[in-house]
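Written below as structure tokens is the structure these notes are about.
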There are 2 protein chains.
Amino acid sequence: MNKEIPYKIYLEESEMPRDWYNVRADMTKKPAPLLDPTTGKPITAEALGKVFCEELVKQELDDNNRYIPIPQEIIDFYKMYRPAPLVRAYCLEKKLGTPAHIYYKFEGNNTSGSHKLNSAIAQAYYAKQQGLKGVTTETGAGQWGTALSMACSYFDLDCKVFMVKCSYEQKPFRREVMRTYGADVTPSPSTTTAVGRQILAEFPGTSGSLGCAISEAVEAATSREGYRYVLGSVLSQVMLHQSVIGMETKAALDKYGVKADIVIGCAGGGSNLGGLIAPFMGEKLRGEADYHFIAVEPASCPSLTRGKYVYDYCDTGRVCPLAKMYTLGSAFIPAATHAGGLRYHGMSSTLSELYDQGLMEARSVKQTEVFAAAEYFARIEGILPAPESSHAIKVAIDEAIKCRETGESKNIVFGLTGTGYFDMMSYEKFHDGRMTDYEPTDEELAKGLSKLPKV
Amino acid sequence: MNKEIPYKIYLEESEMPRDWYNVRADMTKKPAPLLDPTTGKPITAEALGKVFCEELVKQELDDNNRYIPIPQEIIDFYKMYRPAPLVRAYCLEKKLGTPAHIYYKFEGNNTSGSHKLNSAIAQAYYAKQQGLKGVTTETGAGQWGTALSMACSYFDLDCKVFMVKCSYEQKPFRREVMRTYGADVTPSPSTTTAVGRQILAEFPGTSGSLGCAISEAVEAATSREGYRYVLGSVLSQVMLHQSVIGMETKAALDKYGVKADIVIGCAGGGSNLGGLIAPFMGEKLRGEADYHFIAVEPASCPSLTRGKYVYDYCDTGRVCPLAKMYTLGSAFIPAATHAGGLRYHGMSSTLSELYDQGLMEARSVKQTEVFAAAEYFARIEGILPAPESSHAIKVAIDEAIKCRETGESKNIVFGLTGTGYFDMMSYEKFHDGRMTDYEPTDEELAKGLSKLPKV
């Protein structure tokens, strides 16, 4: 039977995964391929290689290899902040009076404050291997930018970050963390790129979006010798690197003989959710076990629950390959809500396909209820969660309350992707009763979807 | 021989200390007793009980019991964020090219961002046991205030925090974290207390100090029914609770057969240093082993290196008991430097006595060199350190460089007390070259010491 479960399950370093798990290998119907926007045909490795690092392009296009060995240098870096703890939320269970067992995989114990470092270090490693001078990227909440700055500093690479303007303004100290790690940070949209100037002309006074910032970062990379663009979410390679979250989670649960019933993750572009559920989804795809997966997205940016499953541009400036995904349209600019990391118009192709196949559920939640859940959780479990992560907390609590009503002792696992230390301006708004909820109207959604690519 | 040492040594929850260790029990010459400012005689438990919780008064006055059992409720809370990792700084060693082995005990993996939670939860527990309504306190860098807010929220106690004004202004989001945990935060000196008004009249425009904030918090507690005052440093009870740091550190080293040679901690009031070195100092006092201890303090507030070992007031308003300690005088108001947690005019009586007996070394370091060490460390080891903690980093690096020169493979252990997420304004100043160093002149020191109590 089950051993006594500690508050925090830490794997030994020797128990850490040696491989990333590629869920696409177990999908019978694969995610739709990326298309070249100029030809409308599946994009070639050569074309992708102009934007992305070579080895990462290989990973991006690899639908078949189930396991990809993690290079030793990356394992060594992982050891500086991993394995991440899987926490049994004893205090939360007690407070809720639920028979459910709640576990969360806490990815916030590193300076980037989130899981983003898992992919940042991998991408920086491959860039270094290729002999590049530096990389460019975008960041929303600032966690990816911080993670990439840390990774680039470790491998002595130049790092240029385009930060979504509303986050840049809400989080004045995020920039300074990135500077501490030697990065160069520009609020987006900016006048430093042609696409930034074009977006500013079309939407004067815009607070930006991940879609805009991506366009700028891509331009900055492709217009410089020795640079490539790297991305912290959406792409299959990111999902691959983030599988380390799920692999560790599963190993920790297996060690104590616990079978998850529900696995919950917040979903913006899909990096955390995809990584967390990967090995569990693999078992479900192979018919070895069943799990109930729940993707939680903000009501203000509801790509899975209210978007359309079509080919779309990945960025506002339409310079990237086209991806088939649940999308609100690249013309959709989400409201300046307080979960900057979830303000992306689309969703990872892999997750979109899994969702379309009915293999997971999606829910949207409002930001005031998310912050209420965040504060409730902080007071009980101690950890001050990021607004993004708190989407998952909200639904985990909902499910635990359902168990209280039905008397079921389900094992609920959720991803606590990061900490909210740089989100105190948002918490302040919540405390002062100045936070509002926003949901796009049907007209706004229709407008966002009005400029889909013709394929 | 030594087993292979992981990057992070995590003890099992079952290996966590069940007792706090009271170093005073092993001191032949005990620290000088606290004196009642009205009588000039050793203070009684009854008099102390008007300000502090009963059980904490017992601990404060206990020079004899070597081990004090940790109540189960506190152990349960500790399990939410402890054991803290002891990290082998492989990357730093490599970068420095030193044969030294560097270890740091990292106490920053909790929302208070520091080791302060170790004592906050103990003090809140005893306040709750006594049936109090709430507690008051002061906070410098904001870490203690945050820790106490978390602890009070857990035990459903009211929490009133007086925050040193310069920190309140430098760290606008700290207040919001405390509010998230339900605390009430006032910048100090304030007009809400008689002593605050008096200090403001004497020093208009002062940016405050821990000494001022203590006076205000004591007044706020003693003028209210059902409240007591709690303190995050200096006191022997705090040193006792913080011994959990040293106990875990020693257990982790013992597990791998490693004997520390040098143990380094930053020193403000002494809470971290005293806790970290406690069990090692115990062995030294009992003649079982020898260690080289180094207390590191800011050059701007050099109580050990430039202060006097005399009885002094613990607070600027002179409402607290008198303590014999290395002090710059309660009239000394330190410059508004960026290590708010180290801006206290005195040093724990226990540490002062140990220092006076020649059992440890003290060094002072300048803040620009501290921030240079902080940034260097962040880029190599990933963790963004608090300015306070970075004092220890600076000296650990100095010692590791000495080993490179002599070829010695010493085991250097230092306390990394916390993270710098709320110190980005200070880092910004450093990056922009706007940070200056400050050392008090001999005249300023003489002025600070001009108002010592007559005992």
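Details
- In terms of accessible area, using a 1.4 Å probe and ignoring ligands and nucleic acids, B:Asp442, A:Asp423 rank largest first as B:Asp442, A:Asp423.
- By the Cβ distance rule (another cysteine Cβ under 4.7 Å), the unpaired cysteines of chain A are A:Cys53, A:Cys91, A:Cys166, A:Cys212, A:Cys266, A:Cys301, A:Cys403.
- The protein assembly as shown: equivalent-ellipsoid semi-axes (sqrt of 5 x gyration tensor eigenvalues, Cα, Å): 48, 27, 27
- Nearest-first distances (nm) between copies at A:Lys94, label 7 Å from Cα via Cβ: 4.2
- Set of aspartates and glutamates near A:Lys402 by C-alpha distance (under 16 Å), chain-local residues within fewer than 8 positions excluded: A:Glu93, A:Asp261
- With its label point put 7 Å out from Cα toward Cβ, B:Gly433 sits 5.0 nm from the same residue's point in the other copies, in order from shortest.
- With its label point put 7 Å out from Cα toward Cβ, A:Ala201 sits 6.7 nm from the same residue's point in the other copies, in order from shortest.
- Cα point-scatterer Debye curve for the range A:275-374, base-10 log of I(q)/I(0) at q = 0.11, 0.14, 0.23 Å⁻¹: -0.37, -0.58, -1.20
- Too-long pairs where the Cα-Cα distance tops 22 Å, listed order kept, from B:Lys41/B:Lys454; A:Lys58/A:Lys255; A:Lys8/B:Lys94: A:Lys58/A:Lys255; A:Lys8/B:Lys94
- Net charge dipole size for chain B [Lys, Arg +1 and Asp, Glu -1 on Cβ; Debye, nearest 20]: 120 debye
- Distance between the range A:1-68 and the range A:295-319 - C-alpha centres, whole angstrom: 21 Å
- Rounded to the nearest 10 Å², the accessible area of B:Glu428 at probe 1.4 Å: 40 Å²
- Cβ neighbours within 10 Å from other chains - mean over B:82-90: 2
- Averaged over the residues of B:409-420, the number of partner chain Cβ atoms lying within 10 Å of the residue Cβ comes to 1.
- With a 1.4 Å probe rolled over the protein heavy atoms of all chains, the accessible area of B:Ile262, A:Ile68 falls in the order A:Ile68, B:Ile262, largest first.
- The ellipsoid that matches the Cα gyration tensor of the range B:216-361 has semi-axes, each √(5λ) in whole angstrom, of 29, 18, 13, with the longest given first.
- For the set A:Arg175, A:Arg88, the ranking by accessible area, highest first and with no ligand, DNA or RNA atoms included, is A:Arg175, A:Arg88 under a 1.4 Å probe.
- Exposure check, 1.4 Å probe, all protein chains in place: B:Tyr313 carries approximately 40 Å² of accessible surface.
- The range B:311-422: C-alpha gyration tensor shape, a/c 1.5 cut-off, then a/b vs b/c: oblate
- Note on A:Ala45 and B:Glu46: with the Förster distance fixed at 56 Å, the Cβ-Cβ geometry gives a FRET efficiency of about 0.10.
- Members of the range A:1-39 that become less accessible by 50 Å² or more once partner protein chains are added (1.4 angstrom probe, chain alone as reference): A:Tyr7, A:Lys8, A:Tyr10, A:Glu13
- All aspartates and glutamates inside 12 Å of B:Lys171 as judged from Cα atoms, apart from same-chain residues fewer than 8 positions distant: B:Asp423
- Summing Cβ point charges (Lys, Arg +1; Asp, Glu -1) relative to the Cα centre of the range B:29-140 gives a dipole of roughly 480 debye.
- Signed unit charges on C-beta, dipole axis of the range A:263-323, positive-most listed residue A:Leu304, A:Met281, A:Ile264: A:Leu304
- The range A:426-455 and the range A:239-254: distance between their alpha carbon centers, rounded to Å: 32 Å
- Chain B: relative contact order as a whole-number percent, Cα under 8 Å and 6+ apart: 20 percent
- Qualifying aspartates and glutamates (Cα of each under 17 Å from Cα of B:Lys308; at least 8 residues distant if same chain): B:Glu297, B:Glu353, B:Asp356, B:Glu361, B:Glu439, B:Asp442, B:Glu443, B:Glu444
- If you look at the Cα atoms of the range A:95-180, you get an Rg and a Dmax of 15.8, 56 Å.
- Over 19 Å (Cα to Cα) - which of A:Lys50/A:Lys160; A:Lys284/A:Lys394; A:Lys116/B:Lys394; A:Lys29/A:Lys447; B:Lys250/B:Lys284 fall in this group: A:Lys284/A:Lys394; A:Lys116/B:Lys394; A:Lys29/A:Lys447
- For chain B, complete DSSP H runs whose alpha carbons reach 24 Å or more along their own long axis and whose mean Kyte-Doolittle score is -1.0 or higher are B:236-255, B:387-406.
- Selected from A:Met80, A:Pro99, A:Asn64, residue furthest toward positive end of dipole (the range A:52-100; charges at beta carbon): A:Pro99
- Per residue solvent-accessible surface (Å²) - the protein assembly as shown, probe of 1.4 Å: 32 Å²
- Heavy-atom accessible area buried between chains A and B is around 4000 Å² (1.4 Å probe, both sides summed).
- The accessible surface of the range A:312-443, taken with every protein chain in place and a 1.4 Å probe, is 46 percent carbon and sulfur.
- With an a/c value of 1.5 or above and a/b not larger than b/c for the gyration tensor axes a ≥ b ≥ c computed over the alpha-carbon atoms, the range B:376-455 is described as oblate.
- Gyration tensor verdict on the range B:122-231 (Cα atoms; rounded if a/c is under 1.5, prolate if a/b is larger than b/c, oblate otherwise): oblate
- The equivalent ellipsoid of chain B has semi-axes of 31, 25, 22 Å, largest first, where each one is the square root of 5 times an eigenvalue of the Cα gyration tensor.
- For peptide B:108-114, the mean count of partner chain Cβ atoms within 10 Å of a residue's Cβ comes to 4.
The values are calculated or read from the model by the stated rules, or taken from the named source; none is laboratory data. Here the structure is a predicted model, which means the values were calculated and not measured. Please note: Cβ atoms are built from the backbone with ideal geometry, for glycine as well, and neighbour counts cover all protein chains shown. With ligands, DNA and RNA removed, areas are computed over all heavy atoms of the protein, side chains included. Shrake-Rupley method; radii C 1.70, N 1.55, O 1.52, S 1.80 Å.
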